[in-house]
Amino acid sequence: MSAKLDPAYRAAGLRALAETEFDVVVVGGGVVGAGAALDAASRGLSVALVEARDWAAGTSSRSSKLIHGGLRYLEQRDFGLVREALKERSLLLHRLAPHLVRPVPFLYPLTHRVWERAYVGAGVALYDSIGGARALPMHRHLSRRAALQMAPALRPDALTGAVRYYDAQVDDARLTMMVARTAAQHGATVLTHVAATEVLRDGGELTGVRVRDLLSGGEQVVRAKRVISAAGVWTDEVRGLDHAKPPFHVRMSKGVHLLVPRERVRLDVGLITRTEKSVLFVIPWDRHWIIGTTDTPWDHGADHPAATRADVEYLLEHVNSVLREPLTADDVVGVYAGLRPLLDGGADDTTKLSREHAVAEPAPGLFLVAGGKYTTYRVMAADVVDAAVKGLGQAVPKSLTKHLPIHGAVGFRELWSDRERLSANAGLPVTVVERLLGRYGSAVTELLTMIDRDPRLAEPLSDAGEYLAVEAVYAVTHEGALDLDDVLSRRTRIAIEYPDRGLAVAARVADLVAEHIGWDDLARETAISDYLELAQAELAALQAPDDASAFAQSAQSPHSAQSAGAAAG
């Protein structure tokens with residue numbers, strides 16, 4: 001089946017919703033929902049996946065962008081969670097998504113002599129050995145001098161030595177979208193900007209869901225034998241569509257991250273340090289560092305998590321405590337906030353809530369999956385599909401997804417080895433081809449074919465020069481993008497990498513994609529205006545002193561009326 005998610009695919013998908021009785025309808029297009037659609041489709045089931053906004057529009061595009069076991073969970077003695085996550089890290093690195101997931105070295109500074117080195121060293125040795133043992137280079141103990149050679153940005157008095165270890169990094173939004181494309185390749189009908197509005201029953205028996213196309217306003221009934229909610233922080237809302245009793249509740253925890261230019265912090269490795277409640281990461285991200293994260297309760301609407309001035313000050317204060325040259329708010333070029341869907345264990349402090357996941361059937365035929373970590377999305381997806389297929393009345397094989405490469409993985413290593421020839425043939429610098437391979441994998445050949453047909457698509461986007469024009473067009477013709485926010489926030493990451501959220505390039509991108517989406521002049525101007533309002537609302541929220549004020553500002557964006565079924569992860 002085709003993995004080309006263009007407007008024609010969407011139109012055919014909407015027809016399929018009306019004409020097909022599906023074995024499974026998945027609500028929620030985050031990484032877990034996309035993973036559940038792929039898991040079910042690869043077992044031979046008929047599957048529809050509906051998402052009210054865009055792939056990864058919620059939590060799954062706003063993470064720390066790490067694929068990791070979580071060192072701090074070892075300290076909490078959550079060995080099972082760490083082992084499971086490290087197994088998934090190994091799979092993603094070496095089999096499932098080597099084009100999107102890559103190793104990153106981290107430095108863990110030590111501040112006490114003798115006992116801390118033994119304590120941390122034992123934990124990191126365990127981290128290296130459980131789960132995906134030998135998946136990455138083993139940790140290494142460093143003296144203060146050796147550590148400062150790797151991290152000259154650190155104050156000498158901020159450490160007595162260090163431990164270097166490895167984890168992995170991912171573009172979370174792109175992996176989620178690629179999982180959805182892989183599901184489509186295996187026969188699933190996957191649609192964004194389509195919201196589930198009601199779970200339907202006949203005499204108590206589940207018969208399907210009612211959905212609304214948020215672009216046209218049209219409603220239709222989708223017949224289904226099972227409904228899976230993978231809606232993350234919207235779990236309670238989706239469960240409410242069926243008036244089912246809650247088997248568990250989901251608490252929202254806000255995590256904020258900053259982006260600063262790479263040259264402002266002289267490090268050859270990433271950094272992880274302790275805070276009074278959790279840990280602070282400094283993570284390499286192309287031309288930037290990502291600094292995060294916070295972990296605070298969020299008691300406002302799930303559609304609009306917002307960072308505040310206080311969040312930015314908190315992160316700067318903590319990172320500056322170890323830096324020779326302090327960062328200021330003027331160094332921050334991007335900020336994003338996301339919400340973690342945590343299973344409510346009754347604790348007041350969200351840092352103490354479990355990162356485990358749960359699967360439940362609160363009403364016959366309706367299945368919920370919630371909690372968990374981005375890294376373990378595949379396990380969560382397999383678990384909820386296992387639960388849903390019981391009683392379907394047909395033989396269903398076990399999950400196959402640990403053997404199933406994500407779109408763009410097959411052939412990636414061969415193309416990487418041949419990147420100089422690709423560069424010469426395309427007339428692009430090798431560094432540009434390398435960057436494209438790291439974002440598209442073997443699907444890069446489709447972009448290079450488009451450039452061959454129209455060489456103007458090889459031009460960099462003005463005001464966002466590391467991105468090419470072809471990437472904006474490909475986002476619409478192959479990756480399911482339907483508006484400027486989809487392109488600038490999640491297919492590219494321009495919205496978090498530039499201080500103006502990509503406003504300077506929005507009109508140019510609109511010109512590039514208008515023909516492919518089917519916009520006339522009025523629709524193009526409306527799209528630009530909508531994105532302007534969204535970006536301005538997010539920028540205004542950053543000046544707010546507290547969550548309530550920031551939410552009020554952020555909720556003024558054009559997305560404020562979006563319904564349930566957004567993202568999990």
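The values are calculated or read from the model by the stated rules, or taken from the named source; none is laboratory data. Treat the numbers as computed from the prediction; the structure is a model and nothing was measured. Please note: Cβ atoms are built from the backbone with ideal geometry, for glycine as well, and neighbour counts cover all protein chains shown. For the accessible areas, the whole protein counts, side chains as well, though only heavy atoms, and no ligand, DNA or RNA atoms are used. Shrake-Rupley method; radii C 1.70, N 1.55, O 1.52, S 1.80 Å.
For GluC sites (Glu not before Pro), no site in the stretch 412-454 is both called loop by DSSP and has at most 15 other Cβ atoms within 10 Å. Treating r as the C-beta distance of LYS245 and ASP500 and R0 as 51 Å, the FRET efficiency rounds to 0.65. On full extension, the segment bounded by THR431 and LEU522 gains 28.9 nm, given 0.36 nm per residue less the C-alpha separation. The trypsin sites (Lys or Arg not before Pro) of the stretch 252-349 that DSSP puts in a loop, and whose beta carbon has at most 16 other beta carbons within 10 Å, are ARG266, LYS277, ARG287, ARG324. Take the Cβ atoms of VAL114 and GLU533, set R0 to 60 Å, and the FRET efficiency comes out at 0.60. Where Lys and Arg each count +1 and Asp and Glu each count -1, what net charge lies around LEU400 among other residues with Cβ under 13 Å from its Cβ? Combined, the nearby Lys, Arg, Asp and Glu give +3.
Normalised by the number of residues in the stretch 97-162, the average gap of Cα pairs under 8 Å and 6 or more apart makes the relative contact order 44 percent. Its DSSP H runs of at least 4 residues, each contributing -39,500 (n - 2.57), put the calculated 222 nm mean residue ellipticity of the chain at -10500 deg cm²/dmol, to the nearest 500. List the residues of the stretch 33-53 whose backbone N lies under 11 Å from a point placed 7 Å from the Cα of ARG15 along the Cα-to-Cβ direction. From the stretch 33-53, the list is empty. With the crude spin-label approximation of a point 7 Å out along Cα→Cβ, what separation in nm comes out for GLU459 versus GLU313? Computed distance between label sites GLU459 and GLU313 equals 4.5 nm.
Rg and Dmax over the alpha-carbon atoms of the stretch 104-168 stand at 11.9, 35 Å.
Backbone N atoms of the stretch 429-466 closer than 14 Å to the 7 Å Cα→Cβ label point of ARG508 belong to residues 456-466. Each part reduced to its alpha carbon centroid, the stretch 287-344 and the stretch 51-76 end up 15 Å apart. Taking amide H positions as modeled 1.01 Å from N, with prolines and chain starts lacking one, the residues under 5 Å from LEU468 and 5 or more places away or on another chain are LEU461. Counting charges near SER321 (Lys, Arg +1; Asp, Glu -1) among other residues having Cβ under 15 Å from its Cβ returns a value of -1. Summary of the geometry: the stretch 1-34 and the stretch 387-405, compared by the centres of their Cα atoms, lie 19 Å apart. Applying a DSSP loop filter and a limit of 11 other Cβ atoms within 10 Å to the chymotrypsin sites (Phe, Trp or Tyr not before Pro) in the stretch 37-116 leaves nothing. Taking θ as phi - 60° and the Karplus parameters 6.51, -1.76 and 1.60, the scalar couplings of the stretch 382-390 work out to 5, 5, 6, 5, 3, 5, 6, 7, 5 Hz in sequence order, x denoting glycine and proline.
Before I look further, what does the chain give for accessible area per residue, probe 1.4 Å, in whole square angstrom?
Numbers: 21380 Å² over 569 residues.
With the other protein chains kept in place, the chain gives 38 Å² per residue.
Computed from phi, the 3J(HN,Hα) profile of the stretch 396-407 under the Karplus parametrisation 6.51, -1.76, 1.60 (θ = phi - 60°) reads 10, x, 5, 4, 10, 5, 6, 9, 10, x, 6, 3 Hz, with x in place of Gly and Pro. The mean sequence distance of close C-alpha pairs (under 8 Å, at least 6 residues apart), as a share of the length of the stretch 380-539, puts its relative contact order at 14 percent. For the stretch 263-270, putting each phi into the Karplus relation 6.51 cos²θ - 1.76 cosθ + 1.60 with θ = phi - 60° gives couplings of 6, 7, 10, 7, 9, 9, 9, x Hz, in residue order, rounded to whole numbers and with x for Gly and Pro.
Between HIS94 and GLU515, the contour length at 0.36 nm per residue exceeds the Cα-Cα span by 147.7 nm.
Annotation: aspartates and glutamates with alpha-carbon distance below 17 angstrom to LYS245 (same-chain offsets under eight excluded): GLU198, GLU205, ASP236, GLU237, ASP344, GLU361. The listed residues VAL50, VAL221, once ranked by accessible area (1.4 Å probe) with the largest placed first, stand as VAL221, VAL50. Taking the Cβ of GLU116 as the centre, find all other residues whose Cβ is under 14 Å away and add up their charges (Lys, Arg: +1; Asp, Glu: -1). Charge balance in the 14 Å sphere: +3. Entry note, the stretch 130-185: relative contact order of 37 percent, from Cα contacts under 8 Å with a spacing of 6+ residues.
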